[in-house]
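Asks: Got a structure here, written out as structure tokens. Questions coming.
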Amino acid sequence: MKKRYIVIINILIVGLILFIIVKYANDRAVESNQSSIASFEKMTTTTEQIVANYLEDEQYLCDIWANYINGSAEAGTPMTVDEAISYIRKAKISPEISGHLIYIDDGSMAGISTNARSTDPSDYSVNYSHINIFENLEISNVDGAVNLTRAYTNPLNGVQSIAFLNNIKVLDSETEEMRDALIIRVVPVSRLEQKLVFLKGEYENVEISLIDWDGDYMIHGKSLKNSNFFEYFKSYNPMSAQEYNQVVETIRTDIGSMHIHNSKDEDCVIAYTPLSGLDSWFLVAYIPAYELTLNRSIDWLILGIVVAGLLILLHFNLMILLNFNRKLTVAAEAANQANEAKSYFLSTMSHDIRTPMNAIIGMNEMILRDSHDDEILMYSENIRAAGNTLLGIINDILDFSKIEAGKMEIINVDYNCASLLNDIVNMVQRKADEKNLIFKLDVDPNIPRCLHGDEIRIKQVITNILSNAVKYTKEGDVTFSINSTKCEDNPDYVMLHVSVEDTGIGIKKEDLDKLFAAFERIDEKKNRNIEGTGLGMAIAKSFLDMMGSSIQVESEYGRGSVFSFDLKQKVVKWEPLGEFDSAYKSFLKEREQYKVRFVAPDARILVVDDNEINLKVFVNLLRETKIQIDTAESGDACLTLFKRNFYDVIFLDHMMPDKDGIETIKEMKECTDTPNAKTPVICLTANAVSGMREMYINAGFDDYLTKPIDTSRLENMLCTYISSDLIKQVDREPEQKHKILLVDEDIQFLRRLMELLSNKYEVAVSKSTAQATAYLKSHEAELIIMDDKLDNLAEGEPDKIIRDNFKEKSENEITSLIEDFFAKVADKERREHE
């Protein structure tokens, strides 16, 4: 049975089992939650009955006091205040409960208590003028009506209490007049809370609150932080005004429950019900939601089904996987052997190819630094470009691990189109010439000169396509076309359209799918004499995919093919490329010559390499830094110098005969009699395969540098590892600009020329011969550009004057003319000095 069928069967069985379990769990969870909330609501209703009965009982006792006192007044024998308090002292049973009698007809809210003040046993006076518990309270003398205040602090003993009220009439012993008063039965809140102790056995964290119509508390739950329940609800449960009003109305008029969030943003449940016998008083029970989530018992039937299903699945998988494992073991051993062989091949090839490349690129760098001949510099620049392009291709082809793992990255930089095109042409032109093919170049002069993108990847894509076209074309021509159009949707970008057309063998329709497959070659038998690995087009396609483009192919078997792609690039400078040959010459002259960044004459380094040319390249690359450089050609010679001399940095080659770099650094780490115990050791390697950095760091190297050596990276590494006290930065002298005088009657033309040349030259302008003559009497000009229709100058050397109809020439022609003039002057001066 195929592996995919096994996977599908496993997924179906596991999916069915999980569906049954999840559905069962969800149904039980919903049922349990509904049952828990219903029980909590029922508990709340029971609690309300207990609280209501207790409150009615306490009010009844208060009414007995009031009826007795008022009955005496109606019988014509009214009680004085002292007589009323004496009666209440005899009538009350619990010592926790007290009776207060206060006058209300004079607004003083002062009177006397049955109990003395806790701070003064002789003081029985009481005053409620500062206690705000009577506002909006209508006291009824009807039997059964509960006149209850919110919880407050008893002014005599400081205990949180509630008060039951009734109106009475008493005789003022001083004035002999009847007075209106309130009899108050003061009960500690703790007495009411004792009635709720039974709830703790059922719900550990339940809290009971009593609130009035506005949400103010008579009894306050400890978790409800605000002084008003509705304000608490609104603070931690954001909602619209309409939703809030609906919640308030529901609590006032209904019996039920709802979910809320507390001050810790926890999910909680409240149950609410109005209090019987009390107008506008409500009981609210509060509890964290997790306490209502019951532990569900295990359904053994479902568990049995799950276990049986998993055992069947396990048995089925084991039988199949045992068979697969036997086959996979054999395949894995073969794959490991192939990987080891591939790794060894890549490592060896990387070293054997990059080592001579180091000598080629390094020596060429010295020509670029030391030569002043324009023609030699052009040849050397071509070598540099071809070498770097070849190195980039070698890196990508050798490093299969990056391609296979998808670790290739697009690195965008500013690049010059003239340089990019020249590199491509140099790589392909020679191959075309060897096969006597005509290589046609169609470059749009309006392409912006400077763009932003991955120059290396673009160059490699085009080079691969062109190389492929040349390889599969026996006679005729190969045409490379490139043009650009401005992106209307993004004005800072252009769309490059690249096309390669050949008159080669073409591709059959059935072979188009093989074109971009790695290591696949079309018509293998017919084209077996054509060199190549079959990776070129696959790499090109991968890079274009990463850059958001794709290759289009049009081919007719036996007549030729057209490969094309469109690539979006950001514009750095809109200055047009112009004629390709002129633009490239201009780029060569503008290319910054190498200038040393620092000098460190007191620093000393050791370079170890078995290749004499590599040592020579390394020493010459650092010649202008004035660093003291010792060299060694073997591991043993390195160890001798390592023990004897102190070095700021040591560069040690990896692949050496007899004793390689890793064996050498191991002995260096074990060496104790050396002044270089803390000296950083950097690995010099031509092995650039993936995973090498980790190998070198684990072997004890502080860093590594790949060959061919990049001068900029080498200097950065030295600045990192050499003490800053030894490094002296080199101040670069500002470049002296050549002085040019422009003479023409057309002011607009002079202005355009000045904008074109002022970045590179010191430019002055004159609109007439007389004005130019006057200028030259007090100023110097190395070159005079003059319209051929103007009169001759009285001042100025004739060999420094160029006359022509410059309005008919392009900007590139004018800049090339000026550059050629100064190049000839520089060449003449150099020959005179020689």
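Computed from the coordinates by the stated procedures, all read-outs in this text should not be read as laboratory data. Model, not experiment: these values are computed from the prediction. A quick note on method: Cβ atoms are made from the backbone with ideal geometry, for glycine too, and the neighbour counts reach across all protein chains shown.
Asks: Arranged by the count of other C-beta atoms within 10 angstrom, fewest first, what order do C638, C719 take?
Replies: Working: C638 28, C719 14.
Listed from fewest to most nearby Cβ atoms, that is C719, C638.
Asks: Shifting gears a bit: Is there a pair in K737/K800; K225/K264; K669/K707; K789/K809 whose C-alpha atoms are over 21 Å apart, and which pairs would that be?
Replies: Values: K737/K800 16 Å; K225/K264 11 Å; K669/K707 25 Å; K789/K809 15 Å.
Beyond 21 Å between Cα atoms: K669/K707.
Asks: Also, quick follow-up: DSSP beta bridges in segment 598-729, what fraction antiparallel, as a percent rounded to 5? Write down the numbers at each step before the final one.
Replies: On the way: 2 of 19 bridges.
Roughly 10 percent of the DSSP beta bridges within segment 598-729 come out antiparallel.
Asks: What number does segment 194-291 give for Rg over Rh if you use C-alpha atoms and the Kirkwood radius?
Replies: Rounded to two decimals, Rg/Rh equals 0.94.
Asks: Separate question: Once both labels are modelled 7 Å past Cα along the beta-carbon direction, what's the I13-D120 spacing in nm?
Replies: Label-label distance for I13 and D120, simple model: 9.0 nm.
Asks: What residues qualify as long-range amide H neighbours of M109, i.e. H under 5 Å apart, gap of 5 or more or another chain, H built at 1.01 Å from N?
Replies: Y103
Asks: In addition: What is the magnitude of the charge dipole of segment 739-833 about its Cα centre, with +1 placed on the Cβ of each Lys and Arg, -1 on the Cβ of each Asp and Glu, and no other charges, expressed in debye to the nearest 20?
Replies: Numbers: 15 positive and 22 negative charges, 32 e Å.
I would put it at about 160 debye.
Asks: What's the long-distance tail for segment 739-833, i.e. % of Cα pairs beyond 21 Å? Mind dumping the intermediate values first?
Replies: Values: 1297 of 4465 pairs.
Roughly 29 percent, once rounded to a whole number.
Asks: Report the chymotrypsin sites (Phe, Trp or Tyr not before Pro) located in segment 635-712 that are in a DSSP loop and have at most 11 other Cβ atoms inside 10 Å of their Cβ, or state none. Display every interim value, and only then the final one.
Replies: Values: sites: F642, F646, Y647, F651, Y696, F701, Y704; in loops: F646, Y647, F701.
When the chymotrypsin sites (Phe, Trp or Tyr not before Pro) of segment 635-712 are filtered for loop state and at most 11 Cβ neighbours within 10 Å, F646 remain.
Asks: On to the next question. Past 32 Å, Cα to Cα: identify those pairs from K568/K616; K573/K777; K327/K508; K541/K570; K431/K626, in the order given. Show your work: numbers first, answer last.
Replies: Details: K568/K616 44 Å; K573/K777 38 Å; K327/K508 38 Å; K541/K570 21 Å; K431/K626 42 Å.
Those over the limit are K568/K616; K573/K777; K327/K508; K431/K626.
Asks: Based on Cβ point charges of +1 for Lys and Arg and -1 for Asp and Glu, what charge dipole magnitude is obtained for segment 55-188 about its Cα centre, in debye rounded to the nearest 20?
Replies: Taking the Cα centre of segment 55-188 as origin, the dipole is about 440 debye.
Asks: How much FRET efficiency would the formula 1/(1 + (r/R0)^6) give for K23 and E762, where r is the Cβ-Cβ distance and R0 is 56 Å, rounded to 0.05? Let's see the in-between values first.
Replies: On the way: r = 86 Å, r/R0 = 1.53.
Efficiency, from the Cβ-Cβ distance: 0.05.
Asks: Could you give the length gained by full extension between V562 and A386, i.e. 0.36 nm per residue of separation minus their alpha carbon distance, to one decimal place? Display every interim value, and only then the final one.
Replies: Values: separation 176, 0.36 × 176 = 63.36 nm, distance 2.52 nm.
That works out to 60.8 nm of additional length.
Asks: Note the direction-averaged projected area, equal to a quarter of the hull surface, for the Cα convex hull of segment 612-702, in nm². Could the numbers behind the result be given before it?
Replies: Details: hull surface 24.5 nm².
Projected area, direction-averaged: 6.1 nm².
Asks: Going by how many other beta carbons lie within 10 Å of each one, how would you line up M495, M655, fewest first? It would help to have the intermediate numbers written out before the result.
Replies: On the way: M495 16, M655 20.
Sorted ascending by nearby Cβ count, the order is M495, M655.
Asks: How would you rank Y286, Y217, going from fewest to most other Cβ atoms within 10 Å of each one's own Cβ? Kindly include the intermediate steps, with their values, before the conclusion.
Replies: Numbers: Y286 22, Y217 19.
Ordered by Cβ neighbours within 10 Å, fewest first: Y217, Y286.
Asks: A further question on this structure: Just flag the trypsin sites (Lys or Arg not before Pro) in segment 593-685 sitting in loop per DSSP whose Cβ has no more than 10 other Cβ atoms within 10 Å.
Replies: K595, K678
Asks: Ok, one more. Grab the Cα-Cα distance for D511 and S190, subtract it from 0.36 nm times how many residues apart they are, and report the gain in nm with one decimal. Present the calculation step by step, with values, prior to reporting the outcome.
Replies: On the way: separation 321, 0.36 × 321 = 115.56 nm, distance 9.33 nm.
Full extension from D511 to S190 adds 106.2 nm.
Asks: Could you work out how much longer the chain between Q429 and A73 gets when fully extended? Use 0.36 nm per residue separation minus the Cα distance between them, nm to one decimal.
Replies: Going from the current span to full extension adds 115.1 nm.
Asks: Considering the options F598, F651, L714, tell which one lies farthest towards the positive end of the dipole of segment 598-729, charges being +1 on Lys and Arg and -1 on Asp and Glu at the Cβ, about the Cα centre.
Replies: Comparing the listed Cα positions along the dipole, F598 ranks first.
Asks: Label-point separation (nm) for Q337 and E135, each offset 7 Å from Cα along Cα-to-Cβ?
Replies: For Q337 paired with E135, the spin-label model returns 9.7 nm.
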